[in-house]
Amino acid sequence: MDLKYYICSKKIMIQIKYIFSFLAVVFLLGCPSVNIQKTPNPKPTIFTKNKLLLISLDGFRWDYLEMVETPNLDRFIKTGVKAKSLIPSFPSKTFPNHYSIVTGSYPANHGLISNHMYDEKLGAYYTIGPGATAVRDGRWYQREPIWVTAEKNDIETGIYYWPGSEAEISGYRPAYYKAYNPNVSWNSRVDQIVSWLKEPAIGFTALYFNEPDKQGHAYGPATSQVFEKIKILDQTLGRLFTKLKEEKLDIKTNIIIVSDHGMASINHKDVIYLDDYIDLDDVEVIDWFPVASIRPKKGKLEKVYHQLKNAHPHLQVYLKDSIPSKFHYSNNVRIQPITGIADLHYTISSHQRGSYSGGAHGYDPAHKEMHAILLASGPDFKSDIVVPSKENIHIYELMCKLLGIEPSENDGNLDAVSDMLK
Ligand code: AMP
Ligand code: ZN
Ligand code: ZN
């Protein structure tokens, strides 16, 4: 072949290759159910300790276990440990708490102070949900999640939808992870987890379900719709446990089942309309309820604060530096100058936004209705024991202990959860 022609066609081939690689990346990012995977280590280390699987059932209130028949979870509890409840961090919302669980940190320290945020330094907004791109931006995550600590220690990880798992954090990503798509069937998530756990190099996996949170919002807590979903979740977990047994993974896998928060009922009557007290043109409301995150426009802070303070008996209003210390909610640029916290069952809205009914969370974690679940079973856990309620910031230290790795900076304490371990 003519050399010039050969070089020219080779150049075209290289260009075509680049175009195909580019299209493949666009396809991978745009197609929510695909398996995203980093280039495997040339020589993966074999993980020799017991493996760890962390499961989240979003919005599973601590007392649902006593309200619905859950034969598979009951068997799991009988062979393991159940905490009376898991106390969320403030605010009792999904992203702040999922990230508290995997970093052992309060939201103000790990950066996800809410599901919806504005960061003046970054000049950027954070929002969640299917297709949200901010969740993939590593700049939002200010503490190291367990999968990063594991990967740093040459333990490969496989994460099925945990908040934060799609971002590169401190230069690391999970070896395997998925772009969030709530429509992927629960059984196929379970099948993927089992095949990840079969990989010799994988030591840590995590799995997320967006129920019973979704039904809890739509119909309220402790409703037949919530109970129906819990029954299906229980069957899904039963199928997972059976598969792990068939693969003889059960004897070398510790499983921790958590939820992020509980759920409280809300109704159309108990609404705090901000525009009854302030001019909404004076502010930007970054997040609405139960924790209103209010950013006054230039020169309006004093006015808005005085109009809102003591405006409604069920709305507690704080300036940024006076939020009660029990919330551990300070020293982050993403906390706006005014924070309004609604009392349990109350919502915050405007006349244009209207009112809500069903269920909500995000309230003060001291309310029992906001408490979540913590269950654990496996070779390193005690069996058939109930331990006192735990704060969710201690789970990271527990997981590091189970994986045999040094925890990175966090707010938790292994002593607080060591009563769960053999
Ligand atoms: P919340 O508003 O606190 O109830 O948040 C629950 C919602 O978070 C779910 O309904 C999802 O839309 C969203 N969500 C959960 N996990 C993810 C994820 N990994 N990526 C994006 N959105 C998510
Ligand atoms: Zn949630
Ligand atoms: Zn929710």
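Quick notes on this one:
- Per-residue ³J(HN,Hα) for the range 323-334, Karplus 6.51 cos²θ - 1.76 cosθ + 1.60, θ = phi - 60°, Hz, x for Gly and Pro: 5, x, 5, 4, 7, 6, 10, 8, 6, 9, 4, 7
- Note on the range 263-422: Cα convex hull, mean projected area over all directions, 11.8 nm².
- Distant-in-sequence amide H partners of Leu374 (H built 1.01 Å from N, under 5 Å): Ala83, Leu86
- Surface/4 of the Cα convex hull for the range 364-422, nm²: 4.7
- Between Ser185 and Lys326, the distance separating the two model label sites (each 7 Å from Cα on the Cα→Cβ line) works out to 4.7 nm.
- Counting 0.36 nm for each residue step from Lys298 to Ser170 and taking away their Cα separation leaves a gain of 42.6 nm.
- Basic side chains Lys and Arg get +1 at the Cβ, acidic Asp and Glu get -1 at the Cβ, and with that the dipole of the chain about its Cα centre reaches some 1200 debye.
- Cα centroid separation, the range 150-192 to the range 271-330: 36 Å.
- In terms of its Cα atoms, the chain spans 80, 66, 39 Å along the principal axes, sorted from long to short.
- 3J(HN,Hα) along the range 268-284: 5, 7, 8, 10, 9, 8, 4, 6, 6, 10, 10, 8, 5, 6, 7, 9, 10 Hz, from the Karplus curve 6.51 cos²θ - 1.76 cosθ + 1.60 with θ = phi - 60°, whole Hz, x for Gly and Pro.
- If you plug the beta carbon distance of Met67 and Lys248 into 1/(1 + (r/R0)^6) with R0 = 41 Å, you get a FRET efficiency near 0.75.
- Spatially proximal aspartates and glutamates relative to Lys390 (Cα-Cα < 14 Å; intrachain offsets below 8 disregarded): Asp260, Asp411, Asp415, Asp419
- If R0 is 35 Å, the Cβ-Cβ spacing of Ser357 and Asn310 corresponds to a FRET efficiency of close to 0.85.
- Backbone N atoms of the range 79-99 closer than 20 Å to the 7 Å Cα→Cβ label point of Asp384 belong to residues 79-84.
- Cα lying deepest toward the dipole's positive end in the chain, options Ile159, Ser349, Val333, charges on Cβ: Ile159
- Here the gap between Ala201 and Ala218, fully extended at 0.36 nm per residue and compared with their Cα-Cα distance, gives a gain of 2.0 nm.
- Reciprocal mean inverse distance between Cα atoms of the range 268-356 - Kirkwood radius, Å: 13.1
- The residues neighbouring Asp384, those whose beta-carbon lies less than 14 Å from its own, together hold a net charge of +3 under the Lys/Arg +1, Asp/Glu -1 convention.
None of the figures in this text is laboratory data; all of them are computed from the coordinates on show. Computed from a predicted structure; not experimentally measured. Because the Cβ atoms are built from the backbone with ideal geometry, glycine has one as well, and the counts that use them run over all protein chains shown.
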